[in-house]
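Below: the structure, in structure tokens.
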Amino acid sequence: MNTYKRLTPCIFIQDGKAVKWFNNSEIISDDVVELARQYCESDAKELVVFDLSETDEQHDIAIDLIKINREIHIPMLAGGNVKRLEDAKKILYAGAKYVIINPLKDNFSDMINDVSMRFGKDKIAISVDKMDPSVVEKY
């Protein structure tokens with residue numbers, strides 16, 4: 001019997017390396033691109049990438065790593081540290097199919113409007129820890 005599976009791995013980038021989770025900076029790979037290739041070769045259908053950087057310099061390094069889609073050829077969603085339209089633009093221009101925006105950010109409504117006006121609503125994904133229907137219903 002065939003079963004349907006859809007593998008969507010997530011890479012968390014901190015200081016140019018892949019780490020375990022948002023609040024767990026244990027390094028799982030020094031080579032983000034190679035890790036993405038491994039996921040792709042394991043039949044991943046898409047890849048989620050989160051930038052966990054704290055400074056603009058670290059953010060620029062993460063944006064360069066988000067260009068991994070040129071190596072893996074599967075759809076990629078990317079987010080993290082998206083504070084302004086310019087951040088969303090960098091992520092989309094780096095090759096992400098969608099930019100992930102966090103609804104807990106202070107300027108969430110403005111970001112949604114700015115990104116959708118510039119790139120279209122179809123380029124936005126929303127990151128939620130707990131499903132809050134009121135956030136989704138507004139957009």
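Some observations on this one:
- Residues with amide H under 5 Å from that of residue 47, placed H, sequence gap 5 or more: 76, 77
- Average accessible area per residue (Å²) across the chain - probe 1.4 Å, nucleic acids and ligands excluded: 61 Å²
- Apolar share of the accessible surface for segment 4-139: 48 percent from carbon plus sulfur atoms, 1.4 Å probe.
- Cross-linked pairs 17/89; 5/90; 83/123; 5/45: Cα-Cα separations exceed 20 Å for 17/89; 5/90.
- Share, in percent, of DSSP beta bridges within segment 1-119 that are antiparallel, nearest 5: 35 percent
- The chain: calculated mean residue ellipticity at 222 nm from DSSP helix runs of at least 4, using -39500 (n - 2.57): -10500 deg cm²/dmol
- Taking all Cα pairs closer than 8 Å and separated by 6 or more residues, the relative contact order of the chain comes to 18 percent.
- What the Cβ-Cβ distance of residue 109 and residue 10 gives, at R0 = 30 Å and to the nearest 0.05, is a FRET efficiency of 0.70.
- Max mean-square fluctuation residue, GNM over the chain, Cα-Cα springs under 10 Å, options 25, 53, 42: 42
The values are calculated or read from the model by the stated rules, or taken from the named source; none is laboratory data. Every value quoted in this text rests on a predicted model; they were computed, and no experiment measured them. Using ideal geometry, Cβ is built from the backbone for each residue, glycine included, and neighbour counts are taken over all protein chains shown. Calculation scope for accessible area: heavy atoms of the full protein, side chains included, ligands and nucleic acids excluded. Shrake-Rupley method; radii C 1.70, N 1.55, O 1.52, S 1.80 Å.
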